[in-house]
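Structure below; questions to follow.
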Amino acid sequence: MLSTGQKSHLFVALCVAGVAAVFYIFATASFSWNEIPKYLFAPQIIAGARVTLVLTVLSMAIGIVIGVIFAMMRVSALRVPQVVAAGYIWLFRGIPLLVQIIFWFNLALFMPRIGFGAYSVSTNEVMGSFTAALIALSLNEGAYMAEIVRGGILAIDRGQVEAARALGLSRGRTFRRIVLPQALRMVIPATGNQLIGMLKATSLVSVIGVHDLLTQAQFIYTANYLIMELLIVAAIWYLALTALASLLQHFLEKWASHRPSDRHVVSGKAQVPSGSEQLV
Amino acid sequence: MTAPMIQIHGLNKFFGTVQVLHDIDLDVASGEVVSILGPSGSGKSTLLRCINLLETFESGSIVVDGKAIGYRQTEGKRRPLPEEEIDRQRMDIGMVFQRFNLFSHKTAMGNIIEAPVLVRGERKDAAIAHGRELLSKVGLAERANAYPEHLSGGQQQRVAIARALAMRPKVMLFDEPTSALDPESVGEVLSVIRQLAGEGMTMLVVTHEMGFAREVSDRIVFMDAGRIVEIGPPGQIMASPRNARTRNFFSKIL
């Protein structure tokens with residue numbers, strides 16, 4: 001039998017061999033490796049990465065706002081908002097994102113004009129591919145964030161709510177000042193995961209021709225047939241962006257767990273940051 | 001003779017179909033300290049929670065400082081007061097909980113000034129000055145900037161007392177304030193409550209600390225199965241109870 005030390009040496013050796021084998025296979029494949037650096041910073045690719053980033057940030061921001069609103073409705077004591085929120089979550093979490101993207105893009109097919117009576121606009125004019133993508137991603141994200149935020153709200157100790165009410169804080173103030181800031185702090189790790197998921201999910205919008213990273217790579221490779229090379233270029237960008245997002249998540253989590261101790265009141269001025277303002 | 005600070009009359013409270021409080025009558029004079037004792041499940045905490053409407057009640061009335069709490073009789077019908085009115089009434093009634101219930105995202109001072117600034121509209125610097133006074137009163141002047149997680153149970157409960165006092169309440173309710181504490185911390189919390197009693201604060205205290213209740217209370221209320229069984233001065237209730245259930249309870253405990 002092998003000792004623990006020998007086992008770990010064997011494990012390392014196997015890992016190295018595995019990585020070497022993968023490198024060998026890729027190195028001998030018929031990629032034009034030298035093409036990759038040429039396209040890595042091509043203007044179209046940079047523009048695509050920018051669209052991907054903008055789409056991610058906007059959809060996440062709108063998704064978080066929608067999520068907080070629907071989470072509030074979901075935990076409300078009133079039946080109607082509860083049911084509406086449950087229905088929303090069921091619908092937008094249940095339909096595949098790709099289907100939703102294509103749906104919003106094709107809205108004009110059965111709803112040529114949007115508006116009321118005399119005031120209406122052509123659907124095709126407002127519902128460009130970027131808008132359709134933004135709506136689809138935000139609404140989908142909103143459904144997931146609603147469930148995440150609801151979990152955060154439910155995790156807050158009821159005793160703190162009672163204490164706030166006993167001090168004379170209204171229901172609304174108790175929620176805004178006591179429950180929500182703590183709930184939002186609590187959902188930071190899960191939201192970070194959603195952000196990373198969103199970065200990659202935006203590639204789905206390539207089917208409706210938003211000029212995102214993947215679409216731009218596709219434009220280029222349909223012209224020059226460097227399919228694998230451009231997919232690798234796109235992959236490198238996605239990896240770089242997710243690395244950035246992970247870093248952001250890391251710092252946010254650190255900030256949330258490490259409270260800024262001793263900032264309050266020493267000067268009579270400083271205020272404890274409330275999580276809500278910084279996150280939403 | 002002035003009217004009692006708290007007047008509870010004919011109070012009945014149900015959880016669903018189960019009646020947990022039966023015809024409670026209790027007056028507490030201004031400056032009086034009344035302890036409520038009794039076995040668990042006897043309705044002590046529920047009674048306390050009715051006074052600041054953390055629990056609703058089905059019939060009877062509670063009057064604090066001349067104001068009927070929670071409900072109004074109009075045209076012979078009993079209606080709940082609007083929420084804003086109830087929020088306002090709660091400002092005069094301080095409550096201290098068994099599990100402290102400090103806001104964990106706020107410092108000790110943040111906990112204390114939250115309601116005075118937000119609800120009473122006090123200026124922040126004034127609230128902080130008052131908060132400092134209260135913190136030194138409970139012996140925690142140096143911990144103003146500490147978050148609850150960095151405070152011991154006894155310290156958290158003392159901050160919770162300061163937080164309730166910051167609203168300048170007319171009445172303080174203590175719901176088993178030392179039950180969640182380790183034995184060493186019990187004393188520090190009790191001495192704060194004792195000090196308040198000495199200052200003439202009107203207090204209702206639900207507790208299992210018999211020695212403390214005997215020492216600090218003007219009267220003791222013994223409850224069992226949702227009813228007040230006996231009310232009297234501590235010496236009489238504890239040493240020579242008239243009721244068999246009271247006798248039984250104290251013979252087990254003392």
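Every number here is computed from the coordinates shown, using simple stated rules; none is lab data. Source: prediction; values computed, not measured. Glycine also receives a Cβ, built like all others from the backbone with ideal geometry; neighbour counts cover every protein chain displayed.
Quick one: Cα centre-to-centre distance for the range B:181-210 and the range B:75-123, in angstrom?
21
Now, a different point. Taking the Cα-to-Cβ direction at A:Ala20 and at A:Ile102 and moving 7 Å from each Cα, how far apart do the two end points lie in nm?
4.7
Which whole number gives the average, over all residues in A:154-162, of C-beta atoms from other chains lying within 10 Å of the residue C-beta? Before the final figure, lay out each step's value.
Working: counts 0, 0, 3, 5, 2, 6, 11, 1, 7.
That average works out to 4.
If you don't mind, there's one more thing I want to ask. Springs between alpha-carbon atoms under 10 Å, Gaussian network over chain B: tell me which of B:Gly154, B:Gly76, B:Gly198 tops the mean-square fluctuations.
Maximum fluctuation in the GNM of chain B, among the listed residues, is at B:Gly76.
If each of A:Ala118 and A:Thr131 carries a label point 7 Å out from its Cα toward its Cβ, how far apart are those two points in nm?
Roughly 2.2 nm, to one decimal.
Looking at the protein assembly as shown, send over the antiparallel percent of its DSSP beta bridges, to the nearest 5.
Numbers: 27 of 44 bridges.
Taking every DSSP beta bridge within the protein assembly as shown, about 60 percent pair in antiparallel fashion.
Answer rounded, prolate or oblate for chain B, using the Cα gyration tensor with square roots of eigenvalues a ≥ b ≥ c: rounded when a/c is under 1.5, else prolate when a/b is larger than b/c, else oblate.
Details: a/c = 1.88, a/b = 1.21, b/c = 1.55.
Cα axes put chain B in the oblate bin.
Given R₀ = 51 Å, what would the calculated FRET efficiency be for A:Arg158 paired with A:Ser246, taking r from the Cβ atoms and rounding to 0.05? Intermediate values should be presented prior to the final figure.
Details: r = 34 Å, r/R0 = 0.67.
According to the calculation, E is roughly 0.90.
Can I ask one more? Considering only Cα-Cα distances, which of the following residue pairs are longer than 23 Å: B:Lys13/B:Lys252; A:Lys254/B:Lys124; B:Lys13/B:Lys77; B:Lys44/B:Lys106; B:Lys13/B:Lys44? Intermediate values should be presented prior to the final figure.
Working: B:Lys13/B:Lys252 28 Å; A:Lys254/B:Lys124 29 Å; B:Lys13/B:Lys77 18 Å; B:Lys44/B:Lys106 30 Å; B:Lys13/B:Lys44 12 Å.
Violating the 23 Å Cα-Cα cut-off are B:Lys13/B:Lys252; A:Lys254/B:Lys124; B:Lys44/B:Lys106.
Percent relative contact order of the range A:63-131, based on C-alpha pairs within less than 8 angstrom and at least six residues apart?
Working: 35 pairs, mean separation 12.1, N = 69.
Relative contact order for the range A:63-131 comes out at 17 percent.
Over chain A, what is the mean sequence separation of C-alpha contacts under 8 Å (at least six apart), divided by residue count, expressed as relative contact order in percent? Don't skip to the answer; put the middle values down first.
On the way: 269 pairs, mean separation 69.6, N = 280.
25 percent.
If the label point is 7 Å along Cα→Cβ of A:Ala29, which residues in the range A:210-246 have backbone nitrogen under 14 Å from it?
Inside the label zone: A:226-236.
Next question, about the same structure. With springs only between Cα atoms under 10 Å, which of A:Ala13, A:Ala166, A:Ala183 fluctuates most in a Gaussian network model of chain A?
Sorting by GNM fluctuation, first place goes to A:Ala13.
In nm, what is the difference between 0.36 nm times the number of residues separating A:Tyr225 and A:His9 and their Cα-Cα distance?
Numbers: separation 216, 0.36 × 216 = 77.76 nm, distance 4.37 nm.
The A:Tyr225-A:His9 span can extend by a further 73.4 nm.
Using Cα centres only, tell me the gap between the range A:27-95 and the range A:164-187 in whole Å.
If we compute the Cα centre of each part, the gap is 29 Å.
DSSP beta bridges in the range B:139-254, what fraction antiparallel, as a percent rounded to 5?
Numbers: 5 of 10 bridges.
Taking every DSSP beta bridge with both residues in the range B:139-254, the antiparallel ones total about 50 percent.
Just want to confirm a number: the relative contact order over the range B:126-197, from Cα pairs under 8 angstrom separated by 6+ residues, in percent. List each step's numbers first, then the result.
On the way: 42 pairs, mean separation 24.1, N = 72.
About 33 percent, as a whole number.
Is any residue of the range B:221-237 close enough, with backbone N under 17 Å, to a label point placed 7 angstrom from the Cα of B:Ala29 along the Cα-Cβ axis, and if so, which?
Answer for this model: B:221, B:231-236.
Taking each full run of DSSP H in chain B as one helix, which ones are at least 15 Å long along their axis (Cα atoms) and have mean Kyte-Doolittle hydropathy of at least -0.5?
Details: long enough: B:108-118 (16 Å, 1.23); B:124-137 (19 Å, -0.44); B:153-165 (18 Å, -0.18); B:183-198 (23 Å, 0.47).
Membrane-span-like by this rule: B:108-118, B:124-137, B:153-165, B:183-198.
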